[in-house]
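Chemist: Here you go, one structure.
The values are calculated or read from the model by the stated rules, or taken from the named source; none is laboratory data. Remember, it's a predicted structure, so these values are computed and weren't measured experimentally. Reconstructed Cβ throughout: ideal geometry from the backbone, glycine too, with neighbour counts over all protein chains shown. Accessible surface areas use protein heavy atoms only, side chains included; no ligands, DNA or RNA. Shrake-Rupley method; radii C 1.70, N 1.55, O 1.52, S 1.80 Å.
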2 protein chains.
Amino acid sequence: MLILATALCMAPAHAEDGYELWLRYHPLAAEQATIYRSHATQLIIGSATPTQTVTREELQRGLGGMLGRAPPLSDAVTSDGAIVVGTPASSPLIARLRLDTKSLGNEGYLIRSIVVNGRAATVIVGNNDIGVLYGAFHFLRLLQTNHPVDHLDLHDSPRVKVRVLDHWDNLDGSVERGYAGASIWDWFKLPDWPAPRYTDYARTNASIGINGVVLNNANANSQILTPTYLEKVAALANVFRPYGIRVYLSARFSAPIELGGLKTADPFDPQVQRWWRTKADEIYKLIPDFGGFLVKANSEGQPGPRDYGRTHADGANMLADVLAPRGGIVMWRTFVYSQANPDDRAKQAYDEFKPLDGHFRANVLLQVKNGPIDFQPREPFSPLFGAMPKTSLMMEFQITKEYLGFATHLVYLGPLYEEVLSADTMAHGKGSTVAKVIDGSLDNHALTGVAGDANVGSDQNWCGSDFNQANWYVLGRMAWNPTQSSRLIAEDWVRMTFTNDQAFVKPVVDMMMGSREAAVDYMTPLGLHHQMGPGHHYGPAPWDASESEADWRPVYYNRADSDGIGFDRSSTGSDAVAQYAPPIAAQFNDVKQTPEELLLWFHHVPWDYRMRSGQTLWYELVAHYTHGVDDVQQMRETWRHLNGYIDPERYQQAAAFLAIQEKEAQWWRDACIAYFQSLSQRPLPPGFSPPQHSLKYYESLSFRYVPGFSSW
Amino acid sequence: MLILATALCMAPAHAEDGYELWLRYHPLAAEQATIYRSHATQLIIGSATPTQTVTREELQRGLGGMLGRAPPLSDAVTSDGAIVVGTPASSPLIARLRLDTKSLGNEGYLIRSIVVNGRAATVIVGNNDIGVLYGAFHFLRLLQTNHPVDHLDLHDSPRVKVRVLDHWDNLDGSVERGYAGASIWDWFKLPDWPAPRYTDYARTNASIGINGVVLNNANANSQILTPTYLEKVAALANVFRPYGIRVYLSARFSAPIELGGLKTADPFDPQVQRWWRTKADEIYKLIPDFGGFLVKANSEGQPGPRDYGRTHADGANMLADVLAPRGGIVMWRTFVYSQANPDDRAKQAYDEFKPLDGHFRANVLLQVKNGPIDFQPREPFSPLFGAMPKTSLMMEFQITKEYLGFATHLVYLGPLYEEVLSADTMAHGKGSTVAKVIDGSLDNHALTGVAGDANVGSDQNWCGSDFNQANWYVLGRMAWNPTQSSRLIAEDWVRMTFTNDQAFVKPVVDMMMGSREAAVDYMTPLGLHHQMGPGHHYGPAPWDASESEADWRPVYYNRADSDGIGFDRSSTGSDAVAQYAPPIAAQFNDVKQTPEELLLWFHHVPWDYRMRSGQTLWYELVAHYTHGVDDVQQMRETWRHLNGYIDPERYQQAAAFLAIQEKEAQWWRDACIAYFQSLSQRPLPPGFSPPQHSLKYYESLSFRYVPGFSSW
C-alpha cells in the first residue's frame, strides 16, 4: 500500500478527459478536509446485499478520494465522527435508534447528526437499501460542495416514481440525435463483456436518482426483442440492478408480425395478445425486474393500433395487461401527428389523446413532450398537461440538444425545464402547475414519471461536451423533485464538476443560467420555432420549404410574408389556444396579453406592430437576434477570465466550443435577419450591423454527415 | 507546486483505460529510478522549432513521469548525467562534438554516452529535428524497458522512406473493418476543434516512426477533396506536422466528374489533367507538405483508368505528374480483381500489373497486399514481390483484424509480418527476401514504403482491446526496419505497456508469439483461406455460397468435396504457382515439396493423403482445428496465473476477451469440422471430440450489425 501511495505521489497528473463527470471525489482543500475527517472517523455499514455493497464502495471511494483516506469500517460506534449507514431492517444498531422513517417511502432517506452510544455520529438511513444509496450520494455531495456536516437534519424522497433516461440508440451503434459519439451499448460484445463503463453509467444515474433506462430508440427495431438481444439486455440489467435502475425497452408495435410471423399486430387479435404474453414471459425469465415498454405508435411512420382501427388506448392497454402481473408499465408517447391531417400540428396530440382520458389502464403512463411541437428552444407547455385528469401523464424532456446547438453550444437546460414545470395550467384554478400534474398531486395519481431523452454516448466525456453533463445532471435532480431551483442545481453541479472556488462558481452559474435565453434569442426569439435546417436540424433555414411534409418546413411555422410574421393559433387562426384551460386560452388568444416571448407562436403579427417597449416588432426581432449574439460574446469574455481556475483540458475545450457557438450564433442571427428582411422590406434599425453575407449565400449552404442524423 | 504535489498524493489512482498506450511513463521502481536519475541530471535542448519544442516536452513528460521529476533545463553541461539533445545545425554545443552523422540520413539519430566539458553526458543527435525526436523516443524506451544507459552507442535510421497508416475511415464517422468504435476524426467539429486526441495520436505514431497518415477510406468519397473538408484536413496536418507526419488522402478517380462537373475522368483528357492540377494547387496552398494520394482504382466497384481503356500506369502517372512538382507521391493499390474475369482471383493482381513494370513514374509506389488474396490468417507472399524490378513496390499489411478475430481475439500480428518479410522470392537467387524488395535494396529503389491498415478508432483504448495496441506498435517498428524480430518488439511492447516484471513479460510474450498460429489453426489451417461469414466476415461459414460473386464465396476457396479439399493452383490447376520465381514455382507446384502450412492453398488433396506425420490429411485437419482451440485454452490458463501483475481494469478486459476467443475458436473448429465431415464422410479420428452442435445449427446462425461492416 505504501509503495502504491509513493507511486501515486510520483505519477504525473492524468489529463482531464471529463469521464468522472460530477463524481470526481478529488482531494478537498486541506483545511476543509481536516474538518470533514473529524466527521468521518469510522464507517458502519452492511454488505449483505449488492446495493449495500455498492453503497459501501461508493462511500469509501468518495471519502477516500476527498479526504485522502476512507474511514475504517467498523461494527459499532466507538468514536466521535462515526458514519452509520443502513436500514432499520438490516441494522439492529439503526433499529435501536427508532428513527421515524415512515415519511421516507421506498426510495427516501434521512441524514441526521445524532448521538449514538454517547458519540457524535451521522446516520444515513432509509427504509430500503436504495434509499440508503441515494442518501449516501447526498452525503457525499455535501462534502463535494463544501457544506457543513456537523448539524445535519435532512430527509428527502422522490416526488416522482418513474425517473428514466430514454436512449435513442440504434442496434447498429448509431444514436438518433446523438452528439456524443456512438452508442455506449456495445451490443456486439454483450453479454460476454459488461464494460466497466456500464457500471459507471449506473453509479452516475443513481447519484441523481434516475431509476430506469430505456435502452433503445423509440423508433424501435424489433430485433431487440429476439432471444439474442434479450440476453444482452439482461447482462446490462444485471449491472444496473444494484443501483436501483430497471431496464425498459422500446417495443415496435408490429413485432408480432416481424418476429412472430403473424399476419397482424391488431391489439384485439388473440394471437397477437398471446404473442406478447409469451414474449413477456421470456423477458421476465431473464430480467425479473424488467420495467416495461416504451411505445411510439402511429407517428412518423411507426406502426400502431390505428393501423387496425383501434385507439391508442386499445394498443397501450393490451401491452399493459401483459405487463401488469409482473409489475411492468407501458410508457406510451403522445408525440403523435399525421401529415394526412391538415390541421395545425401543434393541436394533433391533444386532439388524439384528450378524448381517451380515463380509458388507460392504471399501469400506463402517457409520455408527453414538454411542448406541443418538438423540444424547441422555447415552447408553451403542452395543452395536454391539466387536460387529462383521469390519466397519468409523464413529462418527456430532451436532454440531447437537437434544437439547441448539439454538442458545442453551451446551453444549460435547467431554466427551460423549470419554466415548463412551474407553468400554471389553471386546470383547477391558480397554482395548477405542470409540476403538480407530473408529481401526481393535482389529480392524485400514484403512477408518475419524468423521462429525459439522453445525451449520453461513447465519447470519453459521455455527453460530447463537459457543459452538456450539466443537462444530464439537472434532468435527474428535477425528475426527483420537479419544484427545485435550476440555479441551485447548477451551483451544485459546478462545484462538483469543477471547483468550489466562488470566483469561478458565481460567474459560471450566471453564464449557465443565461445561456438558454441566449439560444432562444439567436435561434428563435419572440415565439418563433422550428427554423432549423431540414432533416439534420443544423443551423438556420427559415426559408426552407424543401421537406416532403408541410409541417416539417420552417416556412410552415414562421408564416412570414410582406405583412408580418407568426403562426396565428388564436380563434381567428388554428385556434390551438382553445386547447388550454379557459383563463390561459383567453390570455394566449389576445395578442396584447400573450407574453411577448410567445407572441409569434400564437399570433401572426404585422412588422410594424408596437411591442411593449414602444418599438416595432421588426425592431424587437432584430434586437433579440442581436442580443443573443452579444450574450454569447459575453459568455466567451466571462470564460476568458476564468483561465487557471480549472484543468487546462476542460478549459480549452469549453473555450473552443464557445468560439464555435459565437460563430454559429452570428450565422443564425444573420441568416434569419437576411431572410425576414427580404420579406419585411424594411431597413435594419439604426445601430444594428447588417448580415455578414447575402441571403443567397446562407441559402446556398448545405451540410452532409451531420451527427445524429445521417445514419453512420 | 507543492500543493499540487500534495493533492496528487491524495488523489485516487485513475482507473486504467488503455488510453496511454505504450507511452505511459509511470514511475519506475525506486532503485531503477535512482540509477537513471544520475543519468538525467540536466537537459540541454533547443526549442527554436515546433519539432524541437515537442521533443523537449516529450522528454520532460517521460523523464518526469518515470523519475518523479524532469531534469532541469540548462544551456550548458555543468554536471555529470547531462542529456544533450539536438542537431549540429541547431546546437553549437553539438556541432563542437564533431559527431559523424553522415550515415544517419534525414530521419536517423545516434544516442551516445560521451564526455562533454569533462562531464559524463548522453547525447541524442540527428541531422534533422525529426531524427532527434525519434532518438528521444528511443532513449525514453530504454528507460521504459529498463535498459542500462551508462554506455550507450546507438545509431539507427529507417530503412523505409514512407511509413504510413491507412485509415479506412468514412466521412460519416463509420470505419470500414473498424473494431474500435467510430472514426477518431471528428470531421463535424473540425477545423475549429483540434481535439487533444489528435496530438496524442501523432505522438504515438512518431514514437514508432510512422511518418504519414492516409486519413480516409481507400473506397473514397470525393467530398474529402472539397474546400470544406480540405480545411478540416489542413487542421489535422497542422497538428501532425511537428511530429514529422504528413497527411495523405484517398482520391476517388472520378472526382473530376463528381466535383468538377466534367463528362469524363479519362487520364488523357486535358480538362481532367487541368482539374487535378488545380485541385493540387488548392491542396498545397492549405497543406504545403501534403504527402499525396492513395488510389484504389478499378476494383470492387471503384472507378479508374480502365473505364476509359487506359492502364493503371496511365492513371497513376497522370496523378503523379500533378504531384511531382510539390514532392507528392501516388500510392496506387494493386488489390485489383474483377468478377468478370473467370480466372483464379489470386492471379489477377499479378496479371494486371506485371506487364506494366517500368511504366510507372518515379513518384509512384505500387501498394501490394502481403498475400495474393486479402489479409487471410496465412497466405503465401504476393507473387508481385520480386516480379517488378523496375517498379517501387510498397507493402500493405492489415493491422485491423478483419480476418483474425476483430477486437476480442488476442492475435499478435508480428509473426505474420515477419513471416512475409523474411520470405525469399528468389527473384535474384537466394536471399532475395520480400524485406529487400520493400526496403529497395534488391533493385535499388529510392522510394520505398510500408502501409498498415489502421486499427485505430474512438474507443478510449484506441484499438478496441489493449492487446490490439501491440499490432499498431509492431507495424510501426517493422516499417522502420523490416528485418527486426517480432519477438523483441513484442517484449518491448509488453514492458512499455504493462510491466518490466519478468514473471509477467516472459509468459505474455510467449503467448503473443504463439497467438497467430493458434488463429490459423482454429480458423484456416493447412493453407485454407477465406472461410469466414459472408460480408461481415464474422465467424466460420465454409459452406457459404450466398455471396453474389463466386470469388467472395468460401466454397470457391476450399473446393471441398467427397474426394478431397483445397484449391489446385498447380500447373494442373489455375497455375498460379507459375507467377513465382522458378525455384519457388517448382516447390509450390509439387504437392510433396509444398510447405504443409500452405498445402491447401496450392493443391486439391485427397482426404486420405498421407501427411509428413504419417497421418491422413483428414486427421491433420481435425488435429489442427483442435490444436487451435487447445492453444486458446492454454492462453486463458496462462493469463489466469498473471492476475495481480497489472491493473485490474486491463487484466479483466483481457480475461473477458480471451473467454470470447475460446468460445469463438471452438465455434470455428466445430463448424468447419462439421461441414468438412459432411463431405469427407469420414469418422472423427479417435480422441477428438465431435462438434458441439449439428452442421444445420452452424449453418442457421446469422448476424446483423456486425462492427466494421453494416454501415452505422
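Chemist: What is the antiparallel percent of DSSP beta bridges lying wholly in the stretch A:62-197, to the nearest 5?
Modeler: Percentage antiparallel, nearest 5: 70.
Chemist: Sort the following peptides by mean Cβ neighbour count (other Cβ atoms within 10 Å, averaged over residues), highest first: A:542-549, A:265-272, A:139-146.
Modeler: Final packing ranking: A:139-146, A:265-272, A:542-549.
Chemist: Restricting to chain B, compute how many DSSP beta bridges are antiparallel as a %, nearest 5.
Modeler: So the antiparallel bridges in chain B amount to around 30 percent.
Chemist: Subtracting the Cα-Cα distance from 0.36 nm times the residue separation, let me have the gained length for residue A:649 to residue A:561 in nm, one decimal.
Modeler: 26.9 nm
Chemist: Moving to a separate point now. Using a Förster distance of 25 Å, how high is the FRET efficiency between residue B:682 and residue B:634, based on the Cβ-Cβ distance and rounded to 0.05?
Modeler: Rounded to the nearest 0.05, the efficiency is 0.35.
Chemist: Report the calculated FRET efficiency for residue A:596 and residue A:444 (r = Cβ-Cβ distance, R0 = 30 Å), to the nearest 0.05.
Modeler: For residue A:596 and residue A:444, the calculated efficiency is 0.25.
Chemist: Taking θ as phi - 60°, what are the ³J(HN,Hα) couplings along the stretch A:283-295 by the Karplus curve (6.51, -1.76, 1.60), each to the nearest whole Hz, with x for Gly and Pro?
Modeler: 5, 5, 5, 7, 9, x, 10, 3, x, x, 10, 9, 10
Chemist: Further, regarding this structure: Peptide B:457-464: average number of partner chain Cβ atoms within 10 Å per residue?
Modeler: The shielding value for this peptide is 3.
Chemist: Please work out the Kirkwood hydrodynamic radius for chain A, using every pair of different C-alpha atoms, and report it in angstroms with one decimal place.
Modeler: Mean inverse Cα-Cα distance, inverted, gives 26.8 Å.
Chemist: Shifting gears a bit: 5 Å is the cut-off here: which amide hydrogens, built 1.01 Å from N in the peptide plane, fall below it relative to residue A:367, excluding neighbours closer than 5 in sequence?
Modeler: Amide H neighbours of residue A:367: A:332, A:333, A:334, A:394.
Chemist: Next question, about the same structure. Taking a point 7 Å out from Cα toward Cβ as the label site, list the nm distances between residue B:389 and the same residue in every other copy, smallest first.
Modeler: Counterpart label points of residue B:389 in the remaining copies fall at 9.9 nm.
Chemist: Right, something else. Give the average, rounded to an integer, of partner chain Cβ atoms located within 10 angstrom of each Cβ in A:63-72.
Modeler: 2
Chemist: Report the label-to-label distance for residue A:78 and residue B:548 in nanometres (one decimal), using points 7 Å from each Cα along the Cα→Cβ vector.
Modeler: 7.6 nm
Chemist: Any idea what the residue A:103 label distances to the other copies are, label 7 Å down the Cα→Cβ vector, nm, shortest first?
Modeler: Distances between equivalent label points, in nm: 8.5.
Chemist: Report, to the nearest 10°, how far helix B:196-207 tilts away from the longest principal axis of the Cα atoms in chain B, using its own Cα long axis and a range of 0 to 90°.
Modeler: So the helix axis and the longest Cα principal axis differ by about 80 degrees.
Chemist: Using only Cα atoms, tell me the angle between helix B:129-144 and the longest principal axis of chain B; keep it within 0 to 90° and round to the nearest 10.
Modeler: So the inclination is approximately 80 degrees.
Chemist: Using the Karplus curve 6.51 cos²θ - 1.76 cosθ + 1.60 with θ = phi - 60°, what ³J(HN,Hα) values do you get for each residue of the stretch B:556-565, in whole Hz, with x for Gly and Pro?
Modeler: Listing the rounded values in order: 4, 9, 8, 6, 6, 8, 5, 7, x, 8 Hz.
Chemist: With both bridge residues required to lie in the protein assembly as shown, what share of the DSSP beta bridges run antiparallel, to the nearest 5%?
Modeler: Percentage antiparallel, nearest 5: 30.
Chemist: Right, something else. Quick check: pseudo-label points 7 Å beyond the Cα along Cα→Cβ at residue A:238 and residue B:610, how many nm apart are they?
Modeler: About 5.3 nm, to one decimal.
Chemist: Give the A-B buried accessible area in Å², both sides summed, 1.4 Å probe, nearest 100.
Modeler: Using a 1.4 Å probe, the pair buries roughly 4000 Å².
Chemist: Could you tell me which trypsin sites (Lys or Arg not before Pro) in the stretch A:69-134 are loop residues by DSSP with no more than 10 other beta carbons within 10 angstrom of their beta carbon?
Modeler: Counting only loop positions with at most 10 other Cβ atoms within 10 Å, the trypsin sites (Lys or Arg not before Pro) in the stretch A:69-134 are A:98.
Chemist: Continuing with this model, one more query. Can you give me the pair-distance distribution of the protein assembly as shown, C-alpha pairs, 10 Å bins, whole percents?
Modeler: Over the protein assembly as shown, the share of Cα pairs per 10 Å bin runs 1, 8, 14, 19, 20, 17, 12, 6, 2, 0, 0 percent.
Chemist: List, in the order given, every pair from A:369/A:436; A:232/B:696; B:279/B:369; A:263/A:347; A:696/B:232; B:401/B:663 whose Cα-Cα distance in the structure shown is over 26 Å.
Modeler: Among A:369/A:436; A:232/B:696; B:279/B:369; A:263/A:347; A:696/B:232; B:401/B:663, the Cα-Cα distance tops 26 Å for B:279/B:369; A:263/A:347.
Chemist: Let me ask something else about it. Straight-line reach only, C-alpha to C-alpha below 18 angstrom: list the aspartates and glutamates that residue B:285 could link to, leaving out same-chain residues fewer than 8 apart.
Modeler: B:231, B:321
Chemist: Assume the label is 7 Å from Cα along Cα to beta carbon: what separations in nm does residue A:50 have to the matching positions in the other copies?
Modeler: 5.1
Chemist: Same structure again: Just going by the charge dipole of the protein assembly as shown, with Lys and Arg at +1 and Asp and Glu at -1 on Cβ, which of B:111, B:318, B:226 is farthest out on the positive end?
Modeler: B:111
Chemist: What nm value, rounded to one decimal, do you get for the distance between residue A:268 and residue B:47 when each label is placed 7 Å out toward the C-beta?
Modeler: Between residue A:268 and residue B:47, the simple spin-label model gives 8.0 nm.
Chemist: Kindly provide the helix-only [θ] at 222 nm of chain A, computed as the sum of -39,500 (n - 2.57) over DSSP H runs of four or more divided by all residues, to the nearest 500 deg cm²/dmol?
Modeler: Calculated at 222 nm, the ellipticity per residue is -11500 deg cm²/dmol.
Chemist: Calculate the mean, over all residues of peptide A:184-194, of how many other protein chain Cβ atoms lie within 10 angstrom of the residue's Cβ.
Modeler: 4
Chemist: What are the ³J(HN,Hα) couplings of the stretch A:265-273, residue after residue, when phi is run through the Karplus curve with 6.51, -1.76, 1.60 and θ = phi - 60°? Round to Hz, x for glycine and proline.
Modeler: Ordered by residue, 3J(HN,Hα) equals 10, 4, x, 8, 7, x, 5, 5, 4 Hz.
Chemist: By accessible area of protein heavy atoms, probe 1.4 Å, what ranking do B:38, A:702, B:174, A:157 get, highest first?
Modeler: Greatest to least solvent exposure: A:702, B:38, A:157, B:174.
Chemist: Using a cut-off of 18 Å between alpha-carbon atoms, which aspartates and glutamates can reach residue B:354, once sequence neighbours fewer than 8 places away in the same chain are excluded?
Modeler: B:314, B:343, B:344, B:396, B:443, B:575
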